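First up is the structure itself, then whatever we jot down about it.
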Amino acid sequence: MANASTGGKAEAFSGGYDRKSELKAFDDMKTGVKGLVDSGITKIPRIFIHDQIKKEESGNLKPASTFKVPIIDMEGVYTDTNRRCEIIKEMRDACQSWGFFQILNHGIPSEVLDEMIEGVREFHELDSEVKKQFYTRDLTRKVVYNTNFDFHTSPAATWRDTLYFIMAPHPPTPEELPQVCRDVLIKYTNSVQKLGLCLLELFSEALGLDKNYLEKLGCAVGLSIFGQYYPACPEPELTFALRDHSDSGFFTVLLQDTKIGGLQVFHENQWVDVPPMHGALVVNVADLLQLITNDKFKSVLHRVIAQKIGPRVSVASFFRTRPGDVDAEKVYGPIKELISDENPPLYRETTTEEYLMHFYNKGLDGTSGLLKFKLQKEGN
Ligand code: OGA
Ligand code: NI
């Protein structure tokens with residue numbers, strides 16, 4: 001069903017041209033969006049054009065919103081009981097109303113963050129012949145370089161190349177990692193996993209559960225790290241860098257470079273910028289955490305606008321398991337401690353495998369993957 005409907009939309013957007021062959025021709029080159037930019041193009045290929053969406057938005061990409069994404073200082077989280085209680089409260093508020101917040105003093109030194117951004121940038125700026133060895137659409141590979149994971153299923157492509165790694169539960173061997181970012185990736189992965197466990201404790205307590213609850217449920221078993229590279233775009237008004245979407249896993253930790261913004265989150269019917277801050281990390285609730293918390297925590301739409309300036313680099317760490325992982329068939333539904341007669345389950349149960357395959361097959365089309373799992377209210 002999902003395939004048929006996105007296929008239909010893709011055709012409607014294509015203006016009657018042979019979109020499939022153009023997608024294939026681009027993919028076969030294995031040089032990504034950066035390859036197009038390096039070749040000196042001044043017009044973007046039509047497979048990247050989002051004309052219908054852009055018309056609907058009528059160019060309104062930078063609304064003058066006065067909302068500010070919450071910033072939470074984690075200093076004292078393990079040493080100061082009072083401060084820890086405040087942090088938990090701030091996170092609860094942020095997860096309930098925004099689904100997004102930035103954290104400071106999270107324990108990962110800013111040098112490691114800077115090095116991680118540089119490592120991703122250096123990979124994308126390698127000679128295209130070297131990068132080609134990693135270009136693939138094989139979902140079983142643990143080190144993958146390509147353009148848009150949903151290139152062949154989304155209504156229109158977006159201005160971004162990605163290098164991603166499946167780092168947990170079964171990481172690649174160090175030799176499988178590209179040399180330019182190998183050491184820092186291993187260091188960053190260890191740090192982000194520790195931070196992930198800390199966040200899960202705080203989320204658990206924010207929900208009124210035992211502090212180990214979400215970890216025991218398996219929410220930090222899987223980790224995929226995506227090194228995003230958004231080249232400068234000659235016609236940013238015609239496309240996106242990353243289309244509006246919510247993330248598929250339990251939660252995401254995002255590191256953005258300090259030079260170029262462009263990430264926006266949808267809050268109270270407006271797009272709000274998430275300004276880059278040196279040393280900070282962005283944390284967001286993802287779909288499966290919204291599902292198991294029965295809508296207490298919100299997985300919200302976010303996007304990255306295309307810009308004339310670039311490249312922009314970011315590193316997104318998705319805490320999620322994948323088909324084939326130990327926990328992939330484990331069943332998740334609304335947590336029983338969070339449901340009651342007044343607060344009945346809003347979602348049917350699913351597995352992380354089923355959820356991720358739905359997310360991949362649907363592609364980023366501007367809608368939440370959770371819709372398919374919503375239970376109908378009786379009487380509707
Ligand atoms: C993502 C994402 C934002 C960014 O990869 O899912 O939302 O700033 N990335 O790259
Ligand atoms: Ni995202």
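The values are calculated or read from the model by the stated rules, or taken from the named source; none is laboratory data. These figures come from a predicted structure and were not determined experimentally. Please note: Cβ atoms are built from the backbone with ideal geometry, for glycine as well, and neighbour counts cover all protein chains shown. The area values use the complete protein model at the heavy-atom level, side chains included, leaving out ligands, DNA and RNA. Shrake-Rupley method; radii C 1.70, N 1.55, O 1.52, S 1.80 Å.
Could you do me a favour and compute the accessible area per residue for the range 62-373, 1.4 Å probe, result in Å²?
38 Å²
On alpha-carbon atoms, Rg over Rh for the range 179-338 using Kirkwood Rh?
Working: Rg = 16.7 Å, Rh = 16.9 Å.
Dividing the radius of gyration by the Kirkwood radius yields 0.99.
So how strong a dipole does the chain carry about its Cα centre when Lys and Arg Cβ are +1 and Asp and Glu Cβ are -1, to the nearest 20 debye?
640 debye
Students often get this wrong: which residues of the range 247-280 have the backbone nitrogen under 17 Å from the point 7 angstrom along Cα-to-C-beta of T367?
Only 247-248 fall inside the zone, counting backbone N under 17 Å.
Too long at a 22 Å Cα-Cα cut-off: which of K24/K131; K211/K336; K20/K43; K68/K259; K20/K372? It would help to have the intermediate numbers written out before the result.
Working: K24/K131 18 Å; K211/K336 16 Å; K20/K43 20 Å; K68/K259 19 Å; K20/K372 27 Å.
Pairs exceeding the cut-off: K20/K372.
Relative to the longest principal Cα axis of the chain, at what angle does helix 2-14 sit, 0 to 90 degrees, rounded to 10?
40 degrees
Any idea what diffusion coefficient the range 62-373 gets from Stokes-Einstein, in µm²/s, Kirkwood Rh on alpha carbon pairs, 20 °C, 1.002 mPa s?
My calculation gives 109 µm²/s for D.
Mind checking the angle between helix 19-29 and the chain's longest principal axis? C-alpha axes, 0 to 90 degrees, to the nearest 10.
Roughly 90 degrees, rounded to the nearest 10.
Please report the carbon-and-sulfur percent of the accessible area for the chain; probe 1.4 Å, protein heavy atoms only, DNA, RNA and ligands left out.
Result for the chain: 52 percent of the exposed heavy-atom area is carbon or sulfur.
Looking at the range 307-380, which GluC sites (Glu not before Pro) are DSSP coil and have at most 16 other C-beta atoms within 10 Å of their C-beta?
Details: sites: E329, E337, E342, E349, E353, E354, E378; in loops: E329, E342, E349, E378.
Counting only loop positions with at most 16 other Cβ atoms within 10 Å, the GluC sites (Glu not before Pro) in the range 307-380 are E329, E342, E349, E378.
Given Cα pairs under 8 Å that are at least 6 residues apart, what percent is the relative contact order of the range 62-373?
Numbers: 642 pairs, mean separation 69.3, N = 312.
Relative contact order here is 22 percent.
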